[in-house]
Amino acid sequence: QVQLVESGGGVVQPGGSLRLSCVASGISFAAYAMNWYRQGPGKQRELVASMNRYGNRNYGDSVKGRFTISRDNAANTVFLQMNNLKPEDTAAYYCNVNTASQSHWGHGTQVTVFS
């Protein structure tokens, strides 16, 4: 059974930083691309960042240059370093992996940015 557990969310002022973590179990972690999505209030869920098994990264336009995705295959963990946070980054952030059978999601971690 695939499980994804996010942590690291919180409340931060504009310009601040947070580091999100997602620990995966039930999959051969190193073999899969890992994704971070977010869903803000009244908005659709959007892709924030992804990192495939080869280390290639992809970012949403709104976070390029501010967010960095990384992974530790030995620890089955994917990270999202978020710098220079803005109020519009306020959202629930979700970890995601797509296996052959289905798309798996964590329960999310809340990030709130306000002054």
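The values are calculated or read from the model by the stated rules, or taken from the named source; none is laboratory data. Not measured: the values here are computed from a predicted model. Every residue, glycine as well, gets a Cβ built from its backbone with ideal geometry; the counts of neighbours run over all protein chains shown.
Scanning region 7-41 for residues that are in a strand (DSSP E or B) and not charged (D, E, K, R) yields a count of 16. So how many residues does region 94-114 have that are part of a strand (DSSP E or B), surrounded by fewer than 18 Cβ atoms within 10 Å (Cβ to Cβ) and touching a residue at least 12 places away in the same chain (Cβ under 8 Å)? The number of residues fulfilling the criteria is 4.
Taking the conditions exactly as written (surrounded by 20 or more Cβ atoms within 10 Å (Cβ to Cβ), in contact with a helix residue (DSSP H, G or I) (Cβ under 9 Å, 6 or more places away or on another chain) and either on the phi < 0 side of the Ramachandran plot or without any contact (Cβ under 8 Å) to a residue 24 or more places away in the chain (or both)), does VAL63 satisfy them or not? In short, yes.
Checked against the criteria, GLN44 does not count as at pLDDT below 95 and not in a strand (DSSP E or B). Taking the conditions exactly as written (exposed (fewer than 12 other Cβ atoms within 10 Å of the Cβ) and either at pLDDT 95 or above or farther than 22 Å from PHE29 by Cα (or both)), does TYR54 satisfy them or not? Here the answer is yes, as TYR54 does meet what is asked. Exactly one residue among ALA33, ALA91 is crowded, with 20+ Cβ neighbours inside 10 Å, at pLDDT 95 or above and under 15 Å from the mean Cα position of the chain (by Cα), and that residue is ALA91.
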